[in-house]
Amino acid sequence: MKTQNIENYLNSFANNVVKDAENLLYSKKGQTALGQSIRATVKKDANGFSVKFYMLDYGTFLDKGVSGNKKKISYTNTEGKKVSSPYSYKTKGPPIDIISKWIKKKGIKPTGTGRGRSKNTGQYISGLAYLISKKIKRDGIKSISFFHKPLSIWYDRLQDDFLKVFTEDIQSYLTTFTKNK
């Protein structure tokens, strides 16, 4: 049976989810490597079709959030329900070296060398990175649902439209089948 309409529709569905996830992430975080890494594939096999989405690993943490050891974080799942993040900080916070790189990338600099402050910006950055890591460990990382929101919206549309697309493929198959008889 021909399934071209279904395959085209699933490709469109996947591309719309990716595009909207990129746009939502861009509006919240600006242009990022994470946004550029989001992609999808549609594969046909003996059992039908599969749609798979890919992104950098830390995207899942931003999408669903990470609970701190003092504060619970939740996100909105594809059914529109608020659920607790499956991720949490228990004994360790985010790595200080990663936060130090973020501080340098953002250009955060000491405001002066007042009393008790070191002129060595390396010490400032590592001290600030330690404090930020400690706060993130305590409070967690808020969910931005940049992927789940568009997936939910487009999945609802998929459920509404899929029967129409499937019917078109069946009609095309029946027309081809009767012509060939």
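Taken together, the criteria place THR76 among residues that are at pLDDT 85 or above and closer than 18 Å to LEU151 by Cα. Within the range 1-36, the set of residues being in a loop (DSSP other than H, G, I, E, B) and surrounded by 15 or more Cβ atoms within 10 Å (Cβ to Cβ) comprises THR3, THR32.
Looking at TYR89, is it aromatic (Phe, Trp, Tyr), out of contact with any Cys (no Cβ under 9 Å at 6 or more places or on another chain) and more than 17 Å from LEU151 (Cα to Cα)? The answer is yes for TYR89.
I'd like to check something: does the range 47-60 contain any residue that is surrounded by fewer than 16 Cβ atoms within 10 Å (Cβ to Cβ) and among the acidic types (Asp, Glu)? Yes, because at least one residue in the range 47-60 is surrounded by fewer than 16 Cβ atoms within 10 Å (Cβ to Cβ) and among the acidic types (Asp, Glu). Whenever a residue of the range 91-110 is touching a residue at least 12 places away in the same chain (Cβ under 8 Å) and part of a loop (DSSP other than H, G, I, E, B), its partners that are crowded, with 18+ Cβ neighbours inside 10 Å and charged (D, E, K, R), lying with C-beta atoms within less than 7 angstrom and at least six residues away or across chains, give the pairs GLY93/LYS137. If you check LYS43 against the conditions, is it outside any helix (DSSP H, G or I) and either free of Cβ contacts under 8 Å to residues at least 12 places away in the same chain or under 11 Å from the mean Cα position of the chain (by Cα) (or both)? In short, yes.
The values are calculated or read from the model by the stated rules, or taken from the named source; none is laboratory data. Only a predicted model underlies this, so the values are computations on that prediction, with no experimental measurement involved. No Cβ is skipped: glycine too gets one built from the backbone with ideal geometry, and neighbour counts run over all protein chains shown.
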